[in-house]
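A short write-up of the structure that comes next.
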Amino acid sequence: MGLLISGDGLTAMDRLRQLGVQPDLIYADPPFGTGRHQGDYADPAGQAWQTMINRLIAGAFEILPEHGSLWLHLGVGDGNRSMLRYAEQSALRVFGSAAHRSTIWWQRTGSAPVANTGFREQHDPILVLAKSPAFTVRRPPRTDDENTWFKSWDGDPVPWSSGDLTGPRGDRHPDLVYGIQSPFTATVHYPGPGRHWVYNRTEMTARLAAWGVYLPQHLPDAETRRRIVGSDVGDSPALMLTGGLAQAQRQATARMAAGTWPEVFFGRTGGGRPRRKVPLPATGAAPASVWDARFAGTVRDARDEVQRATGARFTTPKPEALLTRIIQIATDPDHLVFDPFAGSGVTAAVAHKLGRAWITCESWQPTIDQVTLPRLTFACGGNAPHMTTTLVEPLPHKMLSDAPKQAAATLAALSARLDVDPAIVRRIRAQLAAIAKTQQVAHPVPDEEVVVAELDDLQERLLAKYVHTGSSPSCGAH
């Protein structure tokens, strides 16, 4: 399902709520402070901007399901710091203190001009707000950079990385602060300052068994362990090799040569501290809060993507790699993605490629005609998305001088996309013509509210048609 709405995104959000639509993800990149067509929102410190943010956050909270999330992207500009602080405060009031899951810092540029003599502003903040604890942070596929962390130095069929064998707060776990003798060098190793082994002696002995036979042995190491823990410690025997060091070294060397080492090992050459193998996970790592341009894309990448898809130029698009990562973290394939500020259409385009249903809105008609609709048509393989070019807010109950003309355009768009009785269309068109003619002589029009109500009903039918047709994404003829 794909629906492009020409109209105000925040008003559309209200209408979707009235229809019972609950998007699983809302990604909002509001058009202020970014150089786009922005009107009253150009000044991020102004009242208009604050009103918009408050309305956006409150509306998102109302429309999201319990497992849903709002990702609020704040563009960098002179007011960026105040924008971020105000948005965080507004979110705290509406969502609650536990809702702020993270602030993502996206590196939007890979480089800066050499002539830059000050600090380089390279990152945009993205607030991640969860409706409730039911929101799940999914692990996105691993990036190429993450894959380089995993290798197989021992011939293990599963690549792995070298992981720490210790944990923090050794003062709370003094019983896990003990010595481990190396079968290669006979050195007795201890955790670092303030650290402790992650396994107790029984668990560690089982993991060391392939390297040699270990038994607990009391050593005069109380001072060593006291320095690690930071206070006096009790008795904590070390794990020491039995049967002679020469024999242990031969056994350990043979085991290393055999390959596919045990979980606990002593460095790639045998001369290091105890470490543990961390196998390559089936999914990516837990997402970090700083997203590098190498895997999340840059503004330059985004402009190139718009150019390829539409032949047009767009000043502040976001890259597909960024939205891909957000959608993969926040949704499942059967979920609905909503973007109230379509812009270049990247959110909807990526949602379509990932098999998610989507609804997006754009209020600036030239952007729709030149960028958004061509971009989504390109993403849909040449088929334009289902689209309503009508008002998403109810028509005024007392039409202004240009309203009949606007209403006629609304009627044409609706009738082209709905199975409407031609007789009804002809009747409404005639009534609109009569209203326009009557307004010229300032006479009252008794049928005006009836016409408005009929158009509102048709508009809701159009929205309902596409938001209640199931979760399978599709595009249709425009």
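The values are calculated or read from the model by the stated rules, or taken from the named source; none is laboratory data. Source: prediction; values computed, not measured. Every residue, glycine as well, gets a Cβ built from its backbone with ideal geometry; the counts of neighbours run over all protein chains shown.
A few points about this structure:
- When ALA87 is tested against the conditions (1) in contact (Cβ under 8 Å) with a residue 40 or more places away in the chain; (2) assigned to a strand (DSSP E or B), the lone failure is (2).
- Residue in region 210-230 that is closer than 28 Å to ARG139 by Cα, in contact with a Phe, Trp or Tyr (Cβ under 8 Å, 6 or more places away or on another chain) and among the polar types (S, T, N, Q) present: no
- Hits in region 160-173 (condition: at pLDDT 95 or above and either outside the structural domain of GLN217 (by TED's automatic domain parsing) or not in a strand (DSSP E or B) (or both)): ASP164, LEU165
- Sole exception among (1) within 20 Å of SER6 (Cβ to Cβ); (2) modelled with pLDDT under 95 for PRO333, by number: (1)
- Unique residue being modelled with pLDDT of 80 or more, crowded, with 16+ Cβ neighbours inside 10 Å and in the same structural domain as ILE329 (by TED's automatic domain parsing) when the list is VAL76, VAL128: VAL128
- All conditions in (1) in contact with a Ser or Thr (Cβ under 6 Å, 6 or more places away or on another chain); (2) more than 23 Å from THR260 (Cα to Cα) hold for PRO159, with the sole exception of (2).
- Among residues of region 338-368, those that are buried (at least 24 other Cβ atoms within 10 Å of the Cβ) and in a loop (DSSP other than H, G, I, E, B), counted: 6
- Looking across region 177-194, just one residue is buried (at least 20 other Cβ atoms within 10 Å of the Cβ) and more than 14 Å from ARG273 (Cα to Cα), and that is VAL177.
- Qualifying residues in region 168-211 (those that are in contact with a helix residue (DSSP H, G or I) (Cβ under 9 Å, 6 or more places away or on another chain) and among the polar types (S, T, N, Q)) - the one farthest from ALA238 (Cα to Cα): THR185
- Of the helices (runs of 4 or more DSSP H) lying entirely inside region 291-337, those containing at least 1 residues that are in contact with a strand residue (DSSP E or B) (Cβ under 9 Å, 6 or more places away or on another chain) and buried (at least 22 other Cβ atoms within 10 Å of the Cβ) span 293-296, 320-330.
- Hits in region 208-246 (condition: in contact with a Pro (Cβ under 8 Å, 6 or more places away or on another chain) and aromatic (Phe, Trp, Tyr)): TRP211
- Some residue of region 241-249 being without any contact (Cβ under 8 Å) to a residue 60 or more places away in the chain and over 20 Å from PHE184 (Cβ atoms): no
- Scanning region 97-125 for residues that are closer than 18 Å to ARG81 by Cβ, of a type outside the set (Asp, Glu) and modelled with pLDDT under 85 yields GLY118, PHE119, ARG120, GLN122.
- Just one of the numbered conditions (1) more than 20 Å from the chain's Cα centre (by Cα); (2) in a strand (DSSP E or B) is not true of TRP71: (1).
- Residue check, ALA321 closer than 21 Å to GLY345 by Cα and among the aliphatic types (A, V, I, L, M): yes
- Unmet criterion (only one of (1) at pLDDT below 90; (2) over 27 Å from TRP291 (Cβ atoms)) for PRO157: (1)
- Pairs, first under 20 Å from ALA238 (Cα atoms) in region 250-277, second among the charged types (D, E, K, R) and in a helix (DSSP H, G or I), C-beta under 6 Å, six or more apart: GLU263/ARG207; VAL264/ARG207
- Top-ranked residue of region 3-23 - restricted to ones that are buried (at least 23 other Cβ atoms within 10 Å of the Cβ) and outside any helix (DSSP H, G or I), ranked as modelled with the highest pLDDT: PRO23
- Of the candidates VAL137, VAL177, the single residue that is among the aliphatic types (A, V, I, L, M), in the same structural domain as ARG294 (by TED's automatic domain parsing) and modelled with pLDDT of 95 or more is VAL137.
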